[in-house]
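Report on the structure given below.
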Amino acid sequence: MALGTLDRSLPPFSGQGTSVFSKLVFFGALSLFLMVADARFNVAQPVRTAIATALYPVQWLALQPVQAVRSGSAYFTDLRQAQSESTQAREKLALQSLRASQVEQLAQENDRLRQLLDLKLQLDTPVMAAEVVYDAADPYTRKVVIDKGLNHQVEVGSPVLDESGVLGQVTRVHPLVSEVTLVVDRDLAIPVLNVRTGARSVAYGDPAVGGSGMELRFMGSNADVQAGDLLTTSGVDGVYPPGLPVARVSRVEHRAESAFSKIYCVPQALTSGTRHVIVVKPVSAGLALQLPAAAAPAAPVKRRAVK
């Protein structure tokens, strides 16, 4: 046989006479040795670290889809939670705003009721508290309806007051309710007294439809009336007790073509939006205003500010 045809490769390891069982024992012992050595001396830690470092980019790329899904789910969950919290916050804000407005309204009503009680103590007679139910439906008059009537012994002509002064007069009485004509109504007239000068006159409601003011008529051009003068009830009509504030002069116009001045007044009572009032029987029924012994009948009455 020629030398060039000889197979010079080494025979397989299994063909060297070593049995499979021997190989199993050898590699098992080697594995056990390596495990014990790694557990006691961490001999495989550098290898493990190198492999983990090499595989980190692969792990990061493999985890990106999972992280994206988790982030998307968390985003929509947070969005729904934020929307729910925003809705609850708006509802709470609206509720707090409503409660704040109610507290302010109740505080104003309490202040008005205290002032009404103070005014009630000035009258030497029992008076009747009432509440305004609604405004009259007639657009050409200024009237309100209160929740007291014949069953409560309300009389036609009874003065009606609020915490600041004369509001009007009862002009119609029903069994359960009464109709009150306000001082700004064009058909109502009240004898008044100028506190500063002591001059008597008559205050009428605004003649304009739906007017909210008053005026003094038939006052001469040379009459001593100034803006800011307080007008109170004079008591000469036998209806209103004397000394109750009615209006305050706001403007005086002297006209050359007329012998009378045009005098505009602002009512002291709250003619729009008042709720609680007191009803007093006419003076002719035996009622009178209780004044201190040292006070004059026409003593000025200060208007109480409504907060």
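No value in this document is a laboratory result; all are computed from the given coordinates. In this text, all values refer to a predicted model and were calculated from it rather than measured experimentally. Quick reminder, even Gly has a Cβ in these numbers, built from the backbone with ideal geometry, and neighbours come from all protein chains shown.
For segment 199-255 versus segment 166-193, the spacing of their alpha-carbon centroids is 16 Å.
Overall size of segment 199-259 from C-alpha positions, given as principal axis extents largest first: 36, 29, 20 Å. From the largest down, segment 156-271 spans 51, 29, 22 angstrom on the principal axes of its Cα atoms. By the equivalent-ellipsoid construction on the alpha carbon gyration tensor, segment 23-78 comes out with semi-axes of 41, 12, 11 Å, ordered largest to smallest. The packing ranking of peptides 168-178, 237-247, highest mean first, is 237-247, 168-178, where packing means the average number of other beta carbon atoms within 10 angstrom of each residue.
Per-residue packing, averaged as other Cβ atoms within 10 Å, sorts the ranges 149-159, 47-57, 133-143 into the order 149-159, 133-143, 47-57, beginning with the highest.
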